[in-house]
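Read the structure below first, then the notes.
The values are calculated or read from the model by the stated rules, or taken from the named source; none is laboratory data. All values reported here derive from a predicted model rather than from experimental measurement. Positions of Cβ are backbone-derived with ideal geometry, glycine not excepted, and every protein chain shown enters the neighbour counts. SASA here: full protein model, heavy atoms, side chains in, ligands and nucleic acids out. Shrake-Rupley method; radii C 1.70, N 1.55, O 1.52, S 1.80 Å.
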Amino acid sequence: MRFFNTMTRRLEEFREIEKGKIGLYTCGPTVYDFPHIGNYRSYVFEDLVKRFFTFSGYRVRHVMNITDIDDKTIRKANELGLPLAEVTQKFIDAFHSDLGILNILPADVYPRATAHIPEMLDLVSVLLEKGFAYEKDGSVYFSIERFGDYGRLANIDRDKLQLGAAIDSDEYEKESIQDFVLWKGKKPGEPSWPAPFGAGRPGWHIECSAMSMKYLGAHFDIHMGGVDNIFPHHENEIAQSECANGQTFVNYWLHCQHLVVDNKKMSKSLGNFYTLADLRQRGVDPMALRYLLISTHYRKLLNFTFANLEMAGQALNRIKNFVFSLKNVENAGEAAPEIAVLIASNRNDFTENMADDFNISGALGILFDFIHEINQKMSELSKKDAAAVLTYLEGLDTVLGVLRDNDSGPLAAAVEEKIAQREKARKNKDFARADAIRSELMDLGIMLLDTPTGVKWKKE
RNA sequence: GGCGGCGUAGCCAAGUGGUAAGGCAGCGCUCUGCAAAAGCGCUAUUCAUCGGUUCAAAUCCGGUCGCCGCCUCCA
């Protein structure tokens, strides 16, 4: 198993700290609005990685933070004239609901920033004691010149940091303009917590250091996020954590490239900004979206277009149709050894591709090769063979997570009844009536398939 | 200015020294009362471009063109 470590900018063989176990921290949402599909590219990729590790036999402990206190959440609460907690809860609920819709497995812990103020204060105190931080006008800042490795993750030369205009608008006083805030002194109209160095609220980066430390320890295996987090967020986390703990913070950094829409950065002003709810309103199948989001390698820009989403849906249909065919195999007979061999060899190839920097395109290619090979033998397949293939596919889908079954049981009886009526009409050559029934079911999203072994149906 | 990425068929996309995976779309066929769906088959002498290294290059080196990201809001 190897993948690209942002820290070393190289493909590295993965070595876990504790045998068979992985501590994984992924940057979660800032809950001031509904997440957009760009956010979900990251979350879905993280899910894919986690699922593949689990598939490979690791026990993954996954922590994802929820940022429920920062400039944006405060602004939103003020805009709406509602308490901060009420506003953030609404978006937290929406977030969890979206995760379910996209078949993203839940993290083990979703720590919230506001529930970890004491841990953050402790960390800030340690940084002050050790001389890596300083107080100024009620705020506490991290002094980056005290940390020699600063800029290593982002490959940034500290002296060459080009400072943007945004800095000047910051009203806080810092010794060096590049220093970042650990604790923001209280301001009117903002929530605050008491602290030894004066009431205030946490800076953005400190929560991830404090909470990852609490739930995964001072040194853990993998930290993930979007590429935009590399600098300054993750760089600052490293500075805080390593200075406080005096040891390596994280062994492997995995960053997901952004998603663009029609080759342009998503933005509300361009009208190319989509939430999951937006897409569902347009009738988009969440599993097609998931397929699209995982099917481009994580270090490449993903261009979201409705045409690409359509293609993803069709590719997914190919897999689903394959499953459908397998479920309808009825031949008696023993399991053929050649099928078992095909499965074993395909599983090996699929795993090899995924283990090579999560080469999903290669892995999916391997899966489609397999589908093709089995399809060619479909008519000779025994029920036992089909069952073995289905079990194999279920295993792969614990990694891909795109084959969620949405057959609804109560529907079945009614559909069967309609099919029987249509078959009767067909026998009597009353094709007008037969077609009317077919069309009626089609309107309900039920597709009929007249096969040599009888009529099959599936929900579109 | 600094750091980094990308350019492979109509579209999406693997492959990073040994002679172009896979998906979508298209075309042909099978099946069918007809459809639809599905399956099968076909579809890049060629990898932005120019030059170099090599027995061998999409893959390595250099130049050129084009596109894009990050540089303290950001997944």
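The conditions of being surrounded by fewer than 14 Cβ atoms within 10 Å (Cβ to Cβ) and closer than 30 Å to A:Phe273 by Cα are not met by A:Phe358. Taking the stretch A:1-116 and the helices (runs of 4 or more DSSP H) fully enclosed by it, the elements with 3 or more residues that are within 27 Å of A:Met287 (Cβ to Cβ) and in contact with a Leu (Cβ under 7 Å, 6 or more places away or on another chain) are at A:37-55. Tell me which residues, restricted to the stretch A:451-460, are modelled with pLDDT under 80, of a type outside the set (Lys, Arg), within 11 Å of RNA strand B (Cβ to nearest atom) and open to solvent by less than 90 Å² (accessible area, probe 1.4 Å). Within the stretch A:451-460, just A:Thr451 meets the criteria.
Of the residues A:Leu293, A:Leu301, which is within 30 Å of A:Glu207 (Cβ to Cβ) and open to solvent by 10 Å² or more (accessible area, probe 1.4 Å)? Matching residue, one of A:Leu293, A:Leu301: A:Leu301. For the stretch A:306-330, the set of residues classified as more than 25 Å from A:Lys456 (Cβ to Cβ) and open to solvent by 20 Å² or more (accessible area, probe 1.4 Å) consists of A:Phe306, A:Ala307, A:Asn308, A:Met311, listed by residue number.
Does A:Leu80 qualify as being away from RNA strand B (no atom under 16 Å from the Cβ) and more than 23 Å from A:Gly198 (Cβ to Cβ)? Answer is yes for this residue.
Are any residues in the stretch A:139-189 modelled with pLDDT under 85, near RNA strand B (Cβ under 8 Å from one of its atoms) and of a type in the set (A, V, I, L, M, F, W, C), and if so, which ones? Those that are modelled with pLDDT under 85, near RNA strand B (Cβ under 8 Å from one of its atoms) and of a type in the set (A, V, I, L, M, F, W, C): A:Ile156, A:Leu161, A:Leu163, A:Ala166, A:Ile167, A:Ile177. Residue count for the stretch A:278-304 under the criterion of being part of a loop (DSSP other than H, G, I, E, B) and away from RNA strand B (no atom under 12 Å from the Cβ): the result is 4.
Listed by first and then second residue, the pairs with beta-carbon distance under 6 Å, at least 6 apart or on different chains, first residue in the stretch A:363-375 and within 16 Å of A:Thr296 (Cβ to Cβ) and in the same structural domain as A:Ser345 (by TED's automatic domain parsing), second in a helix (DSSP H, G or I) and more than 6 Å from RNA strand B (Cβ to nearest atom), are A:Ala363/A:Phe350; A:Ala363/A:Asn353; A:Ala363/A:Met354. Determine whether A:Glu338 is in a loop (DSSP other than H, G, I, E, B), at pLDDT below 95 and more than 11 Å from RNA strand B (Cβ to nearest atom). Taking the combined requirement at face value, the residue does not satisfy it. Scanning the stretch A:375-408 for residues that are of a type in the set (A, V, I, L, M) and either open to solvent by 10 Å² or more (accessible area, probe 1.4 Å) or out of contact with any helix residue (DSSP H, G or I) (no Cβ under 6 Å at 6 or more places or on another chain) (or both) gives A:Met378, A:Leu381, A:Ala387, A:Ala388, A:Leu390, A:Leu393, A:Leu396, A:Leu400, A:Leu403. When residues in the stretch A:129-150 are screened for being surrounded by 12 or more Cβ atoms within 10 Å (Cβ to Cβ), under 20 Å from A:Lys187 (Cβ atoms) and either of a type in the set (Ser, Thr, Tyr) or in contact with a Gly (Cβ under 7 Å, 6 or more places away or on another chain) (or both), 4 of them pass. Listed by first and then second residue, the pairs with beta-carbon distance under 9 Å, at least 6 apart or on different chains, first residue in the stretch A:311-340 and in contact (Cβ under 8 Å) with a residue 12 or more places away in the chain and of a type in the set (Asp, Glu), second open to solvent by less than 30 Å² (accessible area, probe 1.4 Å) and outside any helix (DSSP H, G or I), are A:Glu334/A:Ser382. The set of residues in the stretch A:233-267 that are within 7 Å of RNA strand B (Cβ to nearest atom) and crowded, with 21+ Cβ neighbours inside 10 Å comprises A:Cys256, A:Leu259.
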